[in-house]
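Inspection log for the structure reproduced underneath, given as structure tokens.
The values are calculated or read from the model by the stated rules, or taken from the named source; none is laboratory data. The shown structure was predicted, so the numbers you read here are calculated from the model rather than taken from an experiment. Note that we place each Cβ from the backbone using ideal geometry, even for glycine, and neighbour counts take in every protein chain shown. Surface accessibility is based on the protein's heavy atoms, side chains included, excluding ligands, DNA and RNA. Shrake-Rupley method; radii C 1.70, N 1.55, O 1.52, S 1.80 Å.
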Amino acid sequence: MPGGRLTQQERQRIAAGLTDRLSYAEIARRLGRPTSTISREVARNGGAADYRPQQAHQETSRRARRGMPASRRAAGPAVDAMAQEIVAAAVRSGMPRMTARVHIDLLLSEEGRRTAAELARRLRVSPASVSVAVNQLVQGGYIRRERDPQRRRDVYVVDDEAWYHSIVIGAQQTLDTAEAAAAVVEALGPDSPAGRRMVKAGAFLERVIQDMIESADRWRGLLL
């Protein structure tokens, strides 16, 4: 899958696809890009009805030179404040602060992808701190790691299906807890007070998580 910013030729193909009334998913498939890249590109540059590839390419180049998306410059402190609120909410849910900061920075990035060096520079933290954070996010399914063969370094990507993968991975971890509870029941005996508590806990967790996985599968199409 290609990495980095969209080329002018790719933008022309996006415009042609929009003219042919192709879906974002189909345009993305033809370009070998994530659907989120196409939807963000079109939304930031006039929408499907007014998308102009040449203007979009020029504007993206200007934003890159200035170092910040136009939408974020316009919103300014409001966007930064909202980002901090999201980070705080993630921390309250149990995510380490640095991990949450990296995750939110990727979510708000132009292409949904950054190198470790870019993350360290933007967040003004050490490469070691970024390394720990991205490893946690990859393991949790929130982002994925790609290899850039030209620059010989890893690129961290948040795409359309990140939320689905994070839910499924978290659900599996909870199911592992339910299985551990079952093992405790076997050791203690189902008729002991602790055994009865563990039976109830395991049954509850298993049923709730199965419902969650089924729901994630049912609504996965919304992300594509």
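What does the C-alpha gyration tensor say about the overall shape of region 98-224? Classify as rounded when a/c is under 1.5, otherwise prolate if a/b is larger than b/c, or oblate. Here region 98-224 falls in the prolate category. Going toward the positive end of the dipole of region 124-191, with +1 on Lys and Arg Cβ and -1 on Asp and Glu Cβ, which of V155, V184, S166 do you reach last? So the residue we want is V155.
Rolling a 1.4 Å sphere over the protein heavy atoms, what is the accessible area per residue of the chain, to the nearest Å²? Don't skip to the end; give the middle numbers.
Numbers: 13310 Å² over 224 residues.
Heavy-atom accessible area per residue stands at 59 Å².
When the Cα atoms of region 173-224 are aligned to their principal axes, the ranges along those axes come out at 48, 14, 9 Å in descending order.
Go through region 111-147 and name the trypsin sites (Lys or Arg not before Pro) that are in a DSSP coil and have 15 or fewer other Cβ atoms within 10 Å of their Cβ.
Values: sites: R113, R114, R121, R122, R124, R144, R145, R147; in loops: R124.
Those satisfying the criteria are R124.
Using just the helices of the chain, give the 222 nm mean residue ellipticity in deg cm²/dmol: DSSP H runs with n ≥ 4 each add -39,500 (n - 2.57), and the total is spread over all residues, rounded to 500.
Here the helix-only value at 222 nm equals -22000 deg cm²/dmol.
A DSSP coil position with no more than 14 other Cβ atoms inside 10 Å describes none of the GluC sites (Glu not before Pro) in region 1-51. Residue separation of E85 and E59 scaled by 0.36 nm, minus their Cα-Cα distance, works out to 6.4 nm of gained length.
Run the numbers on the chain and let me know its relative contact order in percent, using alpha-carbon pairs under 8 Å that are six or more apart.
Working: 212 pairs, mean separation 30.6, N = 224.
Computed value for the chain: 14 percent relative contact order.
Largest accessible area first, the listed residues V132, V155 line up as V132, V155 when surface is computed with a 1.4 Å probe on the assembled protein chains.
Taken one residue at a time, the phi angles of region 203-211 give Karplus couplings (6.51, -1.76, 1.60, θ = phi - 60°) of 5, 4, 4, 4, 5, 5, 5, 4, 4 Hz. Gly and Pro are set to x.
Each pair of Cα atoms in the chain enters the Kirkwood radius, and Stokes-Einstein at 10 °C and 1.306 mPa s then converts it into a translational diffusion coefficient of 79 µm²/s. Ranking L106, Y51, M95 by Cα position along the charge dipole of the chain, where only Lys, Arg, Asp and Glu carry charges on their C-beta atoms, puts Y51 farthest toward the positive end.
Rounded to the nearest 10 degrees, the angle from helix 53-66 to the longest Cα principal axis of the chain is 70 degrees.
Quick one: with all protein chains in place, what share of the accessible area of region 81-224 is carbon or sulfur, to the nearest percent (1.4 Å probe)? With neighbouring chains kept in place, the figure for region 81-224 is 56 percent.
Rounded to the nearest 20 debye, the dipole magnitude of the chain is 1220 debye, with +1 charges on Lys and Arg beta carbons, -1 on Asp and Glu beta carbons, and the Cα centre as origin. When a/c is below 1.5 the answer is rounded, else prolate if a/b is larger than b/c, else oblate, so apply that to region 83-173 with a ≥ b ≥ c taken from the square roots of the Cα gyration tensor eigenvalues. Here region 83-173 falls in the oblate category. Here each label is just a point 7 Å from Cα along the line to Cβ, and for N135 and A43 those points are 3.3 nm apart. Legend: calculated FRET efficiency, R145 to R21, from the Cβ-Cβ distance at R0 = 41 Å, rounded to 0.05, equals 0.70. When a 1.4 Å probe is rolled over the protein heavy atoms, the share of accessible surface on region 4-64 that falls to carbon and sulfur comes to 44 percent.
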